Amino acid sequence: MPEKTYDHQQIEMKWYERWRDAALYRAEVDRTRPKFYVLEMLPYPSGTLHMGHLRNYTIGDALARYKWMRGFNVLHPMGWDAFGLPAENAAIARGLHPRDWTRANIEEMTGTLRRYAFSYDWSREISTCEPEYYHWNQWFFLKMLERGLAYRKKALVNWCPECATVLANEQVVDGCCWRHGLVAVEQRELEQWFLRITAYMEELLADINRLEGVWPDRVLAMQRNWIGRSEGTEADFRLESTGQPVRVFTTRVDTIFGATCVMLAPEHPLVGEIGPREQERAKGLIDLRGRKDLAGLEKEGFFTGRYAINPYNGERLPVWIANFVLMEYGTGAIMAVPAHDQRDFEFCRKYGIEVRPVIRPVDGALADADTMTDAFVDDGVVENSGEFSGLASAEARRRMTAKAEAGGFGKAAITWRLKDWGISRQRYWGTPIPVIHCERCGIVPAPESELPVRLPLDIRITGRGRSPLENVPEFINVACPACRGQARRESDTMDTFIDSSWYFYRYCDPRNPRAPFDPDVIDYWFQIDQYIGGIEHAILHLIYSRFFCKVMRDLGLVRHSEPVKNLFTQGMVLKDGVAMSKSAGNVVGADAMAEKYGADTGRLFVLFAAPPEKELEWQETGAEGMYRFLGRTCRFVTRNIERARAGAAGSPDADRKALRKLHQTVRKVTQDLETRWHFNTSIAAVMELMNELHALESELSGAVLAEASEKVVLLLGPFIPYLTEELWEELGRQGPVFRQPWPTYNPELAREEEAEIVIQVNGKLRGRFLAPFGASREELEQRALAHDKIRSFLAGKQVVKVIVVPDKLVNVVVR
RNA sequence: GCGGAUGUGGCGAAACUGGCAGACGCGCCAGCCUUAGGAGCUGGUGGCCGUAAGGCCGUGGAGGUUCAAGUCCUCUCAUCCGCACCA
């Protein structure tokens with residue numbers, strides 16, 4: 001029987017055609033079986049689909065196939081169409097209607113993607129860009145509005161001039177738009193819709209510590225940081241002139257006797273009351289501040305001529321306005337304690353304000369104000385602080401806070417960094433916010449029966465910063481649902497992160513016309529067992545979706561509080577040391593890859609070259625190596641089919657060796673995939689097996705060849721769907737590989753006959769010998785000491801001790 | 001500054017609870033086969049010394065624990081990432 005050369009083009013097209021419309025990963029739900037829900041956050045493919053995009057897909061797919069073979073019900077939809085955003089961009093660029101573009105895009109993209117993915121394309125059932133989906137966005141919005149979780153207010157918001165829309169805080173990266181790297185975000189004051197994510201911030205923070213599954217520390221740290229809880233004390237410093245309180249927030253109230261001035265943010269409301277000149281100068285500070293890189297900014301400020309009274313000691317402190325004090329954080333005012341805060345120190349030294357140490361190190365003396373060069377910022381012992389002198393910092397904080405509460409001039413306070421989620425966008429593409437503005441009735445929610453509020457299809461996209469919806473009278477002009485008078489429909493649309501916050505719920509029940517989903521169905525599939533994605537979603541999507549989950553729970557829709565059990569962040573794919581991305585212009589296109597070596601080679605390389613959490617430097621030569629391996633495997637299996645079938649005889653010795661390696665490999669791959677996803681070592685193990693099989697090939701019996709071929713195909717099934725499918729058919733077997741049971745191993749066959757015992761002298765490898773498993777310590781010791789080579793090392797020395805690790809090694813300690 | 005990681009051959013990386021460092025692959029070298037090969041096959045490949053047998057060194061660095069350390073402890077250096085005048 002001639003061997004078959006590996007023709008990836010032919011094989012992959014054949015199986016792609018055959019499987020393209022099959023719902024491969026849609027489980028016929030048998031609730032008695034265990035379930036596995038794996039999902040990837042694909043970066044939305046707004047351009048060329050490249051190997052960087054496909055990496056997380058490949059990981060998830062391998063896992064899904066493996067779980068399936070292990071007898072799980074698997075839900076494994078493609079996650080990529082969750083965002084409407086790229087559709088809008090491209091529509092503007094191409095002058096196409098977004099809706100058409102989205103459909104065209106789906107067809108265009110899924111050609112390659114599906115050739116890689118080999119799984120069910122759920123984007124055919126759900127596109128978040130369409131009314132069937134945004135109906136339920138609107139429904140959620142109304143529920144939140146009812147509960148006060150959605151509200152509208154005038155606020156200073158981030159504005160991306162390139163997108164011509166507002167952005168949420170989470171979507172501003174380094175002062176720039178997350179989508180337009182170099183475009184600086186401006187601040188504008190606008191009426192905006194917000195979701196009250198802060199209502200859940202305590203829970204969002206607390207639950208980080210309660211996640212049962214595995215989340216990367218990095219992501220947890222980023223979320224903690226972003227939520228930014230900080231415990232401290234608020235205290236009022238009264239203005240000497242008017243008696244008006246200036247409330248400050250501090251985490252170090254124990255240093256308050258060292259306060260030597262009070263500082264206001266330039267935007268602080270009190271600035272206006274102090275005087276027009278001061279207001280003018282404060283404005284100057286704001287402008288100087290610019291919009292980027294606050295950290296590198298030179299500290300500037302000025303004295304207002306006013307004084308405020310320290311409530312703890314009655315001291316009269318000058319009131320300053322300083323550019324580094326932020327209105328958005330705390331109360332917008334601080335007390336400056338230059339001796340114990342580095343920023344205050346720098347500011348006060350610059351302007352000649354007194355530095356007064358009041359905390360000394362536990363085992364040291366108070367610093368000298370004149371000679372200190374840096375603030376002493378650690379906790380210590382409080383000095384020169386009236387009744388609190390001599391206390392440790394922590395204790396002083398407690399007592400001083402208590403005093404403020406008792407005296408009515410302050411309280412313990414917790415400050416959060418997290419702000420409410422601004423969801424208004426002045427884009428066309430997005431879910432219309434379902435409210436109506438009526439002059440008489442105010443803001444009136446659209447009646448639930450009228451959902452979905454549909455986007456008009458006939459629009460012109462201007463990119464001018466006002467929603468194009470405002471120019472569509474049929475959309476804008478409506479009757480007020482309450483009074484029937486003339487009213488205007490809200491023209492803002494929702495942030496598309498709303499879509500992505502719950503799309504994975506809808507995947508479980510995509511056609512439900514009555515509700516976002518059936519809670520019973522959700523109950524079976526959720527939580528997501530394994531979510532896979534890039535680190536870039538650590539604070540955006542992953543906080544929003546956690547928030548959404550808690551809201552849905554409080555609406556009685558779901559019974560869990562966290563959507564994702566285990567989160568995995570895969571490493572980026574680099575090309576020449578830079579993350580593969582369209583903007584960097586260094587992509588290895590999936591099309592080109594599939595053309596040249598095939599999707600199987602691409603998948604295998606991505607899985608083999610590095611463990612999934614690590615970054616992966618793309619190397620063409622590495623892919624070639626994988627291609628060679630596939631070719632060798634293909635030829636080996638096909639050229640032995642005849643001999644296997646004929647049941648040819650072979651050498652028992654070679655058979656035994658081959659079977660041992662085979663069963664060891666099944667064990668190793670199973671362990672590697674079960675406990676940790678070490679795809680790379682799994683694949684390496686199969687390669688080792690193939691090397692051994694090649695070496696023994698001519699001596700193997702038909703039966704062993706048959707068993708080996710079959711198991712190799714099954715072991716590789718999760719990684720290289722096309723070739724294994726083809727070989728499975730060549731072997732005369734029926735049905736998709738991933739519906740076969742995972743191969744089993746026989747521990748008896750896998751066992752080595754003899755143990756190789758290593759002999760060390762003083763911990764250094766000096767020799768080795770074979771011994772039966774389970775040999776006694778005494779026997780091993782004796783044989784080691786009798787070993788020729790060891791004897792030469794022992795000559796003239798005294799054996800102090802012999803350590804024996806059964807079946808492993810003997811270490812002889814000599815002097 | 002705060003927080004999170006990561007350091008092993010020429011390269012990507014292995015090494016499960018401390019027990020043979022470098023599996024597997026790439027690259028490179030030699031050979032075979034071929035009209036030819038950017039195809040296939042065989043062998044070699046951490047460094048230094050040695051014709052060889054063999055020896056010494058070797059997991060960022062310095063100490064320590066141990067019969068035994070890439071793995072545990074202490075300190076330190078370097079790189080990457082996230083946040084950042086957050087009071």
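The values are calculated or read from the model by the stated rules, or taken from the named source; none is laboratory data. Since the model is a prediction, treat every value here as computed from it, not as a measurement. Note that we place each Cβ from the backbone using ideal geometry, even for glycine, and neighbour counts take in every protein chain shown. Please note that ligands, DNA and RNA were not included when accessible areas were found on the heavy atoms of the full protein model with its side chains. Shrake-Rupley method; radii C 1.70, N 1.55, O 1.52, S 1.80 Å.
The 3J(HN,Hα) values that the Karplus relation (6.51, -1.76, 1.60; θ = phi - 60°) gives for segment A:746-760 are, in residue order, 9, x, 4, 5, 6, 6, 5, 6, 10, 8, 8, 9, 8, 10, 10 Hz. Gly and Pro appear as x. Between the amide H of residue A:35 and those of A:73, distances stay under 5 Å, these residues lying 5 or more places away or on another chain, with hydrogens modeled in the peptide plane. Based on Cα contacts under 8 Å between residues 6+ apart, segment A:191-317 shows a relative contact order of 24 percent. Take segment A:375-448 with all the other protein chains still there, run a 1.4 Å probe, and you get 43 Å² of accessible area per residue. Seen from residue A:143, the other residues with C-beta closer than 10 Å to its C-beta sum to a net charge of -2, counting Lys and Arg as +1 and Asp and Glu as -1.
A cut-off under 13 angstrom between Cβ atoms defines the neighbours of residue A:685, and their net charge, with Lys, Arg +1 and Asp, Glu -1, is +1. For segment A:184-292, taking the reciprocal of the average inverse distance between every pair of different Cα atoms yields a Kirkwood hydrodynamic radius of 18.2 Å.
Relative to the 2.2 N^0.38 Å rule of thumb, segment A:603-730 has a C-alpha radius of gyration ratio of 1.07. Each peptide in A:159-168, A:620-629, A:370-379 receives the mean, over its residues, of other Cβ atoms within 10 Å, and ordering these scores from highest gives A:159-168, A:620-629, A:370-379. Using R0 = 25 Å, the C-beta based FRET efficiency linking residue A:283 and residue A:183 works out to 0.50. Distant-in-sequence amide contacts of residue A:315, defined by a placed amide H-H separation under 5 Å and a gap of 5 or more residues or a different chain, comprise A:310.
Kindly provide the GluC sites (Glu not before Pro) of segment A:209-265 that DSSP labels as loop, not H, G, I, E or B, and whose Cβ sees at most 16 other Cβ atoms within 10 Å. Passing sites in segment A:209-265 are A:212, A:240.
Could you work out what % of the accessible surface of chain A is carbon and sulfur, using a 1.4 angstrom probe and leaving DNA, RNA and ligands out of the count? After summing per-atom areas, the C and S share lands at 49 percent. Over chain A, what is the relative contact order in whole percent, taking alpha-carbon pairs under 8 Å and six or more residues apart? About 15 percent, as a whole number.
By DSSP, the beta bridges lying fully in chain A are antiparallel in about 80 percent of cases. Pairs with C-alpha atoms separated by more than 31 Å, drawn from the list A:657/A:789; A:153/A:403; A:657/A:808; A:283/A:419; A:596/A:661, are A:153/A:403; A:596/A:661.
For segment A:530-571, the equivalent ellipsoid derived from the alpha-carbon gyration tensor has semi-axes of 22, 11, 5 Å in decreasing order. Solvent-accessible surface of segment A:532-635, averaged per residue with a 1.4 angstrom probe and all protein chains in place: 36 square angstrom. Protection proxy ranking, highest mean first, for peptides A:356-368, A:796-808, A:650-662: A:650-662, A:356-368, A:796-808, where packing is the per-residue count of other beta-carbon atoms within 10 Å, averaged. Computed over chain A, the per-residue total of -39500 (n - 2.57) for DSSP H runs of n ≥ 4 gives a 222 nm mean residue ellipticity of -11500 deg cm²/dmol, rounded to 500. Cα-Cα over 19 Å: which of A:614/A:711; A:67/A:711; A:764/A:797; A:614/A:668? Result: A:614/A:711; A:614/A:668 exceed 19 Å.
Peptides A:775-781, A:611-617 ranked from most to least packed, by the mean per-residue count of other Cβ atoms within 10 Å: A:611-617, A:775-781. Of the trypsin sites (Lys or Arg not before Pro) found in segment A:685-765, those in coil by DSSP whose Cβ has at most 15 other Cβ atoms within 10 Å are A:733, A:751.
Span-like helix check, chain A: qualifying full DSSP H segments, with Cα axial length of 24 Å or more and mean Kyte-Doolittle of 0.0 or more, are A:679-696. Starting from a Cα-only point model with no solvent, please compute log10 I(q)/I(0) by Debye for chain A at q = 0.11 1/Å. The computed values of log10 I(q)/I(0) come out as -1.21.
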